[in-house]
Amino acid sequence: MNEPFKIGIAGLGTVGAGVVKILQNHADLITKRAGRTIELVAVCARDQKKDRGVDLSQCEWVDTPTDLAAIDGLDAVVEVIGGAEGAAKDLVEAALDKGVSVVTANKALLACHGFDLAGHAEQGGAALYYEAAVAGGIPVIKDLREGFAGNGITGVYGILNGTCNYILTTMQETGRDFADVLKEAQDLGYAEADPAFDIEGNDTAHKLALLTALAFGVKPDLDHLPMKGISHLTAEDIAYAEELGYRIKLLGIARQVDGKILQMVEPCLVTAGHPMADVSDAFNAVCIEGDAIDRGMAVGRGAGEGPTASAVVADLIDLARGHHVPMFGIHSAQMKDAQWMDADEMYRGFYVRLTVRDQPGVLADISAIMRDHNVSMEVVLQRGHDTGGPVAVTIKTHKTRRADIMAALEKLAGIDSVVEAPTCLRMEGF
Ligand SMILES: NC(=O)c1ccc[n+]([C@@H]2O[C@H](COP(=O)([O-])OP(=O)(O)OC[C@H]3O[C@@H](n4cnc5c(N)ncnc54)[C@H](OP(=O)(O)O)[C@@H]3O)[C@@H](O)[C@H]2O)c1
């Protein structure tokens, strides 16, 4: 029998305790698959007295996460503390520098420092694996890094945040408003007490930055990743979108066209009938387009103890087997700064919702401004009537240059009869 593969785990919260459970419950299966036992040698968390619901009696407790990196004979460290800076970063750097491989679920750390950490891994001769950092229940990192390695990737996009998808699906199914559904999601434990990171798009952006890097061999770059969340969406938007034949989804999208890359996170109208439109509740979905495979899509749970811990354990089994590939699929010396596409030059159909004063001539004013900015309207909907009061006017445009629709909306926002900031969403037919 081969020598045991010795690991330490930093962080024993949702993910860390979940990893210990899988390692203990499936010990025999994992040994067969890895060809050797995976032995949990040491752990670290803030509170050594807390009951984690798992047996840690055979493990050494260390005082600080970086102490794990100092243990002699350790093959890998699992970092599931979280945070882009501080204890998590210190541990990952220390382990990699010492030649100890790292498995992490920490998308914030990797999106901010992934390129530097890839350098640490290469210099230390260690591996840095992170399947759990993006859509844990879908092996998308492995797909991009290995399974589709024979393709020129042209696009990768998807629903990468389960909290947002749960909120949008529930709004659509029940007709309830955003704030009401968010509160329910918090009560059910789907959304954090401070939900900003999820609902404003940051979490999706961190994941997308990693997918862009893997897909196109460029450095992860949050500075060139425009981001919009879902907190401004109303039940009306969901209903109008449905009436027009679409569902609203928060998408992370990265595409390469003529050597330039566009990556962005924003809620989009997805054509009803596209498999992405039917992905409901807290599920994630990732679609990859390549010149040999055409298009492949996978759906699964992106967060929670089971799916995330499952991805961590899969990485550990790979490492125990001796599997070792560069963090982004290519050596970091070959990764370049991307040439970014200007999102304003993109042509798409757009959905616009205006709240206007219900008075004669408003539609004529809107039409004139749209015409002056080269925006051609395909559908205009006005429901309800409230003389002098606010009513919604919803517009679906033909394919339009983004810069033009944005200029038209800026103009519209300034006229007296438009009483609220316009909502504008792009349409994705894929
Ligand atoms: N939860 C998910 O569904 C999910 C999904 C995908 C990715 N992730 C990522 O996985 C990572 C962990 O998430 P989680 O949900 O498991 O977090 P969590 O439940 O809050 O657990 C964090 C753990 O880290 C420990 N910790 C925090 N600061 C520490 C420090 N300075 N020194 C030692 N231990 C420290 C905590 O110790 P105490 O328990 O003693 O307080 C706790 O055990 C994050 O990067 C997150 O983004 C999570």
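The values are calculated or read from the model by the stated rules, or taken from the named source; none is laboratory data. Only a predicted model underlies this, so the values are computations on that prediction, with no experimental measurement involved. Counting neighbours? That spans all protein chains shown, and the Cβs are built from the backbone with ideal geometry, glycine included.
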(message) Contact list please: Cβ distance under 7 Å, first residue in the range 369-382 and in contact (Cβ under 8 Å) with a residue 40 or more places away in the chain, second residue surrounded by 15 or more Cβ atoms within 10 Å (Cβ to Cβ) and in a loop (DSSP other than H, G, I, E, B), pairs at least six apart or on different chains.
(response) Val379/Leu244
(request) Report those strands (runs of 3 or more DSSP E) wholly inside the range 1-117 carrying at least 2 residues which are more than 9 Å from the ligand (Cβ to nearest atom) and either more than 30 Å from Lys336 (Cβ to Cβ) or at pLDDT below 95 (or both). (result) 5-10, 38-44
(request) Go through (1) under 15 Å from Ala241 (Cβ atoms); (2) small (Gly, Ala, Ser); (3) surrounded by 15 or more Cβ atoms within 10 Å (Cβ to Cβ) and name the single condition Gly429 misses. (result) (3)
(message) Take Lys89 and tell me if it is surrounded by fewer than 19 Cβ atoms within 10 Å (Cβ to Cβ) and out of contact with any strand residue (DSSP E or B) (no Cβ under 7 Å at 6 or more places or on another chain).
(response) no
(request) Tell me which residues, restricted to the range 291-306, are of a type outside the set (A, V, I, L, M, F, W, C) and surrounded by 21 or more Cβ atoms within 10 Å (Cβ to Cβ). (result) Gly302
(message) For the range 322-373, which positions are in contact with a Leu (Cβ under 8 Å, 6 or more places away or on another chain) and closer than 30 Å to Gly125 by Cα?
(response) Met327, Phe328, Gly329
(request) Of the numbered conditions (1) more than 16 Å from the ligand (Cβ to nearest atom); (2) buried (at least 21 other Cβ atoms within 10 Å of the Cβ), Asp315 fails exactly one; give the number of that condition. (result) (1)
(request) Test each condition in (1) crowded, with 20+ Cβ neighbours inside 10 Å; (2) more than 27 Å from Asp294 (Cβ to Cβ) for Ile159 and report the one that comes out false. (result) (2)
(request) Could you tell me which residue of the range 137-187 is farthest from Ala215 (Cα to Cα), considering only residues that are in a strand (DSSP E or B) and under 16 Å from the mean Cα position of the chain (by Cα)? (result) Ile159
(message) Against the condition farther than 17 Å from Ala133 by Cα, β-branched (Val, Ile, Thr) and in contact (Cβ under 8 Å) with a residue 12 or more places away in the chain, how does Thr14 come out, does it pass?
(response) no
(request) Considering (1) at pLDDT below 95; (2) within 13 Å of the ligand (Cβ to nearest atom); (3) farther than 18 Å from Gly306 by Cα, say which one Gln186 fails and leave the rest. (result) (2)
(message) Let me spell it out: the conditions are (1) exposed (fewer than 12 other Cβ atoms within 10 Å of the Cβ); (2) in a loop (DSSP other than H, G, I, E, B), and Ala364 meets all of them except one. Which number is the exception?
(response) (2)
(request) Taking the residues in the range 118-136 that are in a helix (DSSP H, G or I) and without any contact (Cβ under 8 Å) to a residue 40 or more places away in the chain as candidates, determine which candidate is nearest to the chain's Cα centre (by Cα). (result) His120
(request) Looking at (1) more than 20 Å from Ala392 (Cα to Cα); (2) surrounded by 15 or more Cβ atoms within 10 Å (Cβ to Cβ), find the lone condition where Asp180 falls short. (result) (2)
